[in-house]
Amino acid sequence: MKKKVFSGVQPSGIPTIGNYVGAMKHFVKLQDEYDCTYCIVNQHAITVPQDPKELKARTRELAALYLALGIDPDKSNIFVQSHVPAHAQAAWIVQCNTYIGELERMTQYKDKAAKQESVSAGLLTYPPLMVADIILYNTDFVPVGDDQKQHLELTRNFVQRFNNKYAKEKDLLVMPEPMIPEEGSRIMSLQEPTAKMSKSDTNVKGFISLLDEPKVILKKIKSAKTDSSGVIEYDKENKPGISNLLTIFSAFTDKSIKELEAEFAGSGYGYFKEQLAEAVIAVLEPIQTRYKELLESDELDRVLADGAQRASEIANKTLHKMESAIGLA
């Protein structure tokens, strides 16, 4: 039996090529080896103010993008969090077995709270919802980045606490393990190559969105910051700009950086950037075409409805076990 993987992503805007290279590209590969569950966690998004129409649209758009990237509904299950009521129901049980001190220590809570005048209670208590997301699907592995390790630790603490308190013969809940992504390429800003590429960058020239048009991609890559040497070589400390572009080129062609250095020796930055743009466009154009097809068809809604039904069957069984254990059922 395949081990189970769970990943939840907030619909907070169109991902960048940095998100694609660092995580999403690997999600497609995972589904061949694991039983994968991919959830659009739209309930997490409302911990901060949202425009209702935008949130609904972004949720659907992110699901379409996942499918366009290669998530196969026959191999993986993809659904929207709010379509499966068990998430919110299990979150209450988790919340009642989690301590205030644990939540107040969360780095993301402290960071976000510092930027807001009025902080919602949900911003403090959404980690239990994240715990519920994971445990409902008997998750063995959770792909995590540095910013999520704390949340997974909270999940593991809860599972241990709940099992110790309520499991009579064997463990009620599966203990999830972190899945550290294979050494993924870290894509930096095109304009500030010492900072990570971010879709929230105020300088739109700094990032490439997965839905940027080819002419926009070419323009952004041509304007990417480099040095004045004109020598195409990887030297992250002294030449962060061209090193970042080499990293992107490698990620989009599966050629090693050494191969690319040899291929473009003596070429100059102008030609190199044009070829890089072509390589990125060659990968993104088919994705964008499929994305548009999905948004304009009923297929996406059918996939999400089927996904929610399949997810509910699994989640409800786990929820019932939890409710029975604590005397609610």
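The values are calculated or read from the model by the stated rules, or taken from the named source; none is laboratory data. Fair warning: this is a prediction, and the values are worked out from it, not measured in the lab. Here the Cβ positions follow ideal geometry from the backbone for every residue, glycine too, while neighbour counts run over all protein chains shown. What goes into the accessible areas is simple: the full protein's heavy atoms, side chains included, and nothing from ligands, DNA or RNA. Shrake-Rupley method; radii C 1.70, N 1.55, O 1.52, S 1.80 Å.
Between Val48 and Asn238, what FRET efficiency comes out of the Förster formula 1/(1 + (r/R0)^6) with R0 = 56 Å and r the beta carbon distance, rounded to 0.05?
0.90
Within the chain, what whole-number % of the accessible surface is contributed by carbon and sulfur, with the 1.4 Å probe and all protein chains included in the calculation?
50
For the range 89-199, just the Cα atoms, rotate onto the principal axes and tell me the three extents in Å, largest first.
Computed over the Cα atoms, the extents are 57, 39, 20 Å.
Take each of the peptides 148-157, 285-294, average the number of other beta-carbon atoms within 10 Å over its residues, and list them starting from the highest.
Output ranking for 148-157, 285-294: 148-157, 285-294.
Just the number please: accessible area per residue for the chain, 1.4 Å probe, all protein chains included, in Å².
Dividing the accessible area of the chain by its residue count gives 51 Å².
Per residue of the range 26-32, in order, report the coupling 6.51 cos²θ - 1.76 cosθ + 1.60 (Karplus, θ = phi - 60°) as ³J(HN,Hα) in whole Hz, putting x for Gly and Pro.
6, 4, 5, 5, 4, 5, 7
Using a Cα-Cα cut-off of under 15 Å, which aspartates and glutamates could be cross-linked to Lys168, ignoring same-chain neighbours fewer than 8 residues away?
Correct list for Lys168: Glu323.
For n ≥ 4 DSSP H runs only, could you compute -39500 (n - 2.57) per run for the chain, divide by its residues and tell me the 222 nm figure to the nearest 500?
It lands at -16500 deg cm²/dmol.
For Glu177, enumerate residues with amide H under 5 Å from its amide H, sequence gap 5+ or separate chain, H modeled in the peptide plane.
Hits under the 5 Å cutoff: Phe141, Val142.
Give me the log10 of I(q) over I(0) for the range 214-291 at q = 0.12, 0.18, 0.20, 0.24 Å⁻¹, as the Debye formula computes it from C-alpha points; what are the numbers?
After summing over all Cα pairs, the log10 values are -0.32, -0.69, -0.84, -1.15.
Once you have a ≥ b ≥ c as the square roots of the Cα gyration tensor eigenvalues for the range 162-294, tell me rounded if a/c is under 1.5, and otherwise prolate or oblate according to whether a/b is larger than b/c.
prolate
Using only the alpha carbon atoms of the range 1-143, find the Kirkwood hydrodynamic radius as the inverse mean reciprocal pair distance, in angstroms to one decimal.
By the Kirkwood definition, the hydrodynamic radius is 16.2 Å.
Compute the long axis of helix 149-166 from its Cα atoms, compare it with the longest principal axis of the Cα atoms of the chain, and write down the angle in degrees, 0 to 90, nearest 10.
20
What number of lysine-lysine pairs in the range 214-291 show an alpha-carbon separation below 23 angstrom, given a sequence spacing of 8 or more or placement on distinct chains?
26
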